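Novice: Starting off with a structure, shown below.
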Amino acid sequence: MRRRMLLSAVGAAALPAIRPARAEEAVDVALVLAVDVSRSIDEDEARLQREGYRLAVSDPVVVAAIRGGMIGAVAIAYVEWAGIEYQRTVIPWRRIAGQQQADAWAAELEAAPRASLSWTSISGAIRHSRAVMAECPWDSTRKVIDVSGDGVNNSGPPADTERDAAVAEGITINGLPIINDRPTFGRLPPVPLDDYYRENVIGGTGAFMIVAEDFESFGMAVKRKLIREIANLPAGVIPA
């Protein structure tokens, strides 16, 4: 009996670390990337935005952060938005748990057609992202909507109304405001964009934003933001 107990103890010690049951059916975080494609963003800037997300998601450092989670996987949906009448799910939910899946996601985004429409409805983007979040096929420990854009809400309901509705559903909204020298049809925002995002867009447990000082620095800002969201680091504002 003593020998059987010793063998059992040795066998247990030799087992690798066990992740939660049904890990293949769950993710550490469900993340909706909600990206501004309004007319204040020209073709080159739109390309830089997509390139920023494509390179960030497939970056080995980001993939390592994904693999380092309790489950070791995230779910990502990619949404583009403009005025209240335009929100489009470009890439529906994809589960990413390694480099191959991250590379496939990046290739899918690169191949997707682009569109651009007038006005800026952050409220419409959040409302659409809430609906997308409700359709996520995997259980998640956290739900995050990541809003990026270069202007304030000027179409549809106030942004904070939809922000509050999302927070009430247990969703965190993080922000990536992009400082643009000619947003909103050539007019600067009525308030500094980072202040606007802080007061009207971000919210929920651990909410934060990272400011991209221009479109050229956008890719690095996205990478830093994804790592922070995946690792669930403390809240705050970090300039890119």
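The values are calculated or read from the model by the stated rules, or taken from the named source; none is laboratory data. None of these values were measured; they are calculated from a predicted model. Backbone-built Cβ (ideal geometry, glycine too); neighbour counts: all protein chains shown.
Novice: Within the stretch 29-41, track down each residue that is within 14 Å of the chain's Cα centre (by Cα), buried (at least 23 other Cβ atoms within 10 Å of the Cβ) and either farther than 19 Å from Ala82 by Cα or at pLDDT below 85 (or both).
Specialist: Ala30, Leu31
Novice: Any residue at all in the stretch 162-179 that's among the small types (Gly, Ala, Ser), farther than 26 Å from Ile66 by Cα and modelled with pLDDT under 95?
Specialist: So the first thing to find is which residues in the stretch 162-179 are among the small types (Gly, Ala, Ser), and the list is 165-166, 168, 170, 175.
Within this subset, residues satisfying the condition of being farther than 26 Å from Ile66 by Cα are 165, 168.
Subsequent filtering for residues that are modelled with pLDDT under 95 retains none.
Taking every residue of the stretch 162-179 in turn, none turns out to be among the small types (Gly, Ala, Ser), farther than 26 Å from Ile66 by Cα and modelled with pLDDT under 95.
Novice: Any residue at all in the stretch 42-60 that's modelled with pLDDT under 85 and either over 23 Å from Ile179 (Cα atoms) or buried (at least 17 other Cβ atoms within 10 Å of the Cβ) (or both)? Step through it out loud before you land on a result.
Specialist: Within the stretch 42-60, the subset modelled with pLDDT under 85 is 42-45.
Still in the list and also either over 23 Å from Ile179 (Cα atoms) or buried (at least 17 other Cβ atoms within 10 Å of the Cβ) (or both): 45.
Yes, that holds for at least one residue.
Novice: Still on this structure, please answer the following. On the basis of being assigned to a helix (DSSP H, G or I), modelled with pLDDT under 95 and not β-branched (Val, Ile, Thr), does Phe215 make the cut? Give the derivation first.
Specialist: Numbers: assigned to a helix (DSSP H, G or I): no; modelled with pLDDT under 95: yes; not β-branched (Val, Ile, Thr): yes.
Answer is no for this residue.
Novice: Look at the stretch 156-178 and say how many of its residues are surrounded by fewer than 19 Cβ atoms within 10 Å (Cβ to Cβ) and within 22 Å of Leu117 (Cβ to Cβ).
Specialist: 3
Novice: Among the residues of the stretch 116-130, is there at least one that is surrounded by fewer than 18 Cβ atoms within 10 Å (Cβ to Cβ), touching a Gly at 6+ places or on another chain (Cβ under 9 Å), of a type in the set (S, T, N, Q) and in contact (Cβ under 8 Å) with a residue 60 or more places away in the chain?
Specialist: yes
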